[in-house]
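The values are calculated or read from the model by the stated rules, or taken from the named source; none is laboratory data. For clarity, every value in this text was computed on a predicted model and none was experimentally measured. Counting neighbours? That spans all protein chains shown, and the Cβs are built from the backbone with ideal geometry, glycine included. These accessible areas exclude ligands, DNA and RNA; they are computed on the full protein's heavy atoms, side chains included. Shrake-Rupley method; radii C 1.70, N 1.55, O 1.52, S 1.80 Å.
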Amino acid sequence: MHHRWLLLVACFWVLFMLMVASKLITLTMKDPEGYGNKQGPLTVLPETEKIAVAETTKLQIESQPTTNSLKDESYTVLLHKERTELLRSVCSNGSLRNLSHTAISKFVLDRIFVSDKHRILFCQTPKVGNTQWKKVLIVLNGAFSSIEEIPENVVHDHEKNGLPRLSSFSAQDVHERLNSYFKFFIVRDPFERLISAFKDKFVHNPRFEPWYKHDIAPAIIRKYRKDRRESRGGLQFQDFVRYLGDPNHRFLDLQFGDHIIHWVTYVELCAPCEIDYNVIGHHETLEDDAPYILREAGIEHLVSYPTIPPGITKYNKSKVENYFSKVSKRDIRRLYTRFERDFKLFGYKEPTFLF
């Protein structure tokens, strides 16, 4: 009888220990992150709060930058730092001073558009996607609430687009803005930009700009076409190159007026050695540069750069070589002499077909 009682007590003790062990295991599994930490009181959340916590955790995970995006951002920052350092280095090179410096004239101030509300200055360099940047500034200035609402005929109508030029301000106001506003402009391979200008103005010739075909082209042909008897077919690229490479081109430039902005140098347009620009974007890397510019200007939450069609910004080496294959080496070298400063200031390689 005594042994039977002892057996019952032992069975009860074993059952009790099993229950305690089971409870401890359950608690440990409920808080796996608590390993090695002091345990606090457990809180049971209602179902709605569980969902909220789960969604918050999900958002935190999704908002974390990936390793690749961090690398991309670091590379973009480094790239733009190298660009500005190169620009300052070339600008300070005394042997290149005549090539790289220009006065901050009314012609330059006419190229710079102002957003006082967001303290931004944008220098227009045609044939590098500037229409889209003007749309961005038009929205920022409040003339239209979105880029999609802006009619194409309004973008370049400075009476209606709400974009003041820096030249419209007093000398003191110009000085203050140049010294305190965020400033940027965009560049592109100089020779590819010239091809784009030639195709747009003299081949396709927009209907609302007839003077390129009817006034400017005939003037270039009369002065620079080698065979004066051949006048059919309109302006040829070879004629255009001879005009641009002529050291005495300014005679016609004065005759053409502001229409020359589509092919004059970046130095003449924006005076990058005299004005301390914060960012210089490149057309070839615009997919990365556009978001970077918006972030640096502090406006990425207000407006987005319009979608860039795939491949449209990529440098087309074969196209450039094909156009210049019809131009004499002498004329190419003279053209390069005029645009050498644009190649050097912004890190573009001199063309292999130059020599």
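Condition check: surrounded by 13 or more Cβ atoms within 10 Å (Cβ to Cβ), more than 21 Å from the chain's Cα centre (by Cα) and acidic (Asp, Glu). Does residue 200 satisfy that?
yes
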Could you list, ordered by first residue, the pairs with Cβ atoms under 7 Å in which the first is in region 266-285 and in contact (Cβ under 8 Å) with a residue 40 or more places away in the chain and under 16 Å from residue 175 (Cα atoms) and the second is hydroxyl-bearing (Ser, Thr, Tyr) and open to solvent by less than 20 Å² (accessible area, probe 1.4 Å), at least 6 apart or interchain? 270/125; 272/266; 273/100
Restricting attention to region 158-176, does a residue exist that is open to solvent by less than 50 Å² (accessible area, probe 1.4 Å), among the polar types (S, T, N, Q) and at pLDDT 95 or above? yes
What tally of residues in region 101-123 results from selecting those that are of a type in the set (S, T, N, Q), open to solvent by 20 Å² or more (accessible area, probe 1.4 Å) and either assigned to a helix (DSSP H, G or I) or at pLDDT 95 or above (or both)? 0
I'd like to know if region 289-299 contains one or more residues that are surrounded by 15 or more Cβ atoms within 10 Å (Cβ to Cβ), part of a loop (DSSP other than H, G, I, E, B) and under 23 Å from the mean Cα position of the chain (by Cα). yes
Could you tell me whether residue 282 is at pLDDT below 95, in contact with a helix residue (DSSP H, G or I) (Cβ under 8 Å, 6 or more places away or on another chain) and within 22 Å of residue 109 (Cα to Cα)? no
Exactly one condition in (1) in a helix (DSSP H, G or I); (2) surrounded by fewer than 13 Cβ atoms within 10 Å (Cβ to Cβ); (3) not charged (D, E, K, R) is not met by residue 248; state its number. (1)
Determine the pairs where a residue that is open to solvent by less than 40 Å² (accessible area, probe 1.4 Å), located within region 217-228, has a partner that is modelled with pLDDT of 90 or more and among the basic types (Lys, Arg) with Cβ atoms under 7 Å apart, the partner being 6 or more residues away or on another chain. 224/242
(1) more than 31 Å from the chain's Cα centre (by Cα); (2) surrounded by fewer than 18 Cβ atoms within 10 Å (Cβ to Cβ); (3) outside any loop (DSSP other than H, G, I, E, B): which one isn't true of residue 239, the others all being true? (2)
Is it the case that some residue within region 223-235 is within 24 Å of residue 156 (Cα to Cα) and either of a type in the set (Ser, Thr, Tyr) or in contact with a strand residue (DSSP E or B) (Cβ under 9 Å, 6 or more places away or on another chain) (or both)? no
Within region 160-174, how many residues are assigned to a loop (DSSP other than H, G, I, E, B), without any contact (Cβ under 8 Å) to a residue 40 or more places away in the chain and not charged (D, E, K, R)? 3
Residues satisfying the stated conditions in region 303-355, i.e. closer than 30 Å to residue 150 by Cα and of a type in the set (Lys, Arg): 314
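Of the residues 284, 274, which is assigned to a helix (DSSP H, G or I), open to solvent by 20 Å² or more (accessible area, probe 1.4 Å) and acidic (Asp, Glu)?
Working: 274 fails: assigned to a helix (DSSP H, G or I).
Result: 284 is the single residue among 284, 274 that is assigned to a helix (DSSP H, G or I), open to solvent by 20 Å² or more (accessible area, probe 1.4 Å) and acidic (Asp, Glu).
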Reported set for region 316-336 where residues are among the hydroxyl-bearing types (Ser, Thr, Tyr), within 27 Å of the chain's Cα centre (by Cα) and farther than 13 Å from residue 194 by Cα is 318
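Per-residue answers, yes or no, for (1) touching a residue at least 60 places away in the same chain (Cβ under 8 Å); (2) at negative phi; (3) assigned to a loop (DSSP other than H, G, I, E, B):
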{"position": "148", "(1), (2), (3)": "no, yes, no"}
{"position": "154", "(1), (2), (3)": "no, yes, no"}
{"position": "158", "(1), (2), (3)": "no, yes, yes"}
{"position": "176", "(1), (2), (3)": "no, yes, no"}
{"position": "184", "(1), (2), (3)": "yes, yes, no"}
{"position": "192", "(1), (2), (3)": "yes, yes, no"}
Of the conditions (1) in a helix (DSSP H, G or I); (2) of a type outside the set (Lys, Arg); (3) on the phi < 0 side of the Ramachandran plot; (4) surrounded by fewer than 20 Cβ atoms within 10 Å (Cβ to Cβ), the single one that residue 257 does not satisfy is (3)
Kindly provide the set of residues from region 129-146 that are of a type outside the set (Ser, Thr, Tyr) and not in a helix (DSSP H, G or I), ordered by number. 129, 141, 142, 143, 144
Which numbered condition in (1) modelled with pLDDT of 95 or more; (2) open to solvent by 50 Å² or more (accessible area, probe 1.4 Å); (3) under 24 Å from residue 350 (Cα atoms) is the only one that residue 187 fails? (2)
Kindly list, by first and then second residue, each pair from a residue in region 318-346 that is closer than 11 Å to residue 238 by Cβ to a residue that is in a loop (DSSP other than H, G, I, E, B) and open to solvent by 80 Å² or more (accessible area, probe 1.4 Å), limited to pairs with Cβ atoms under 7 Å and residues at least 6 apart or on different chains. none
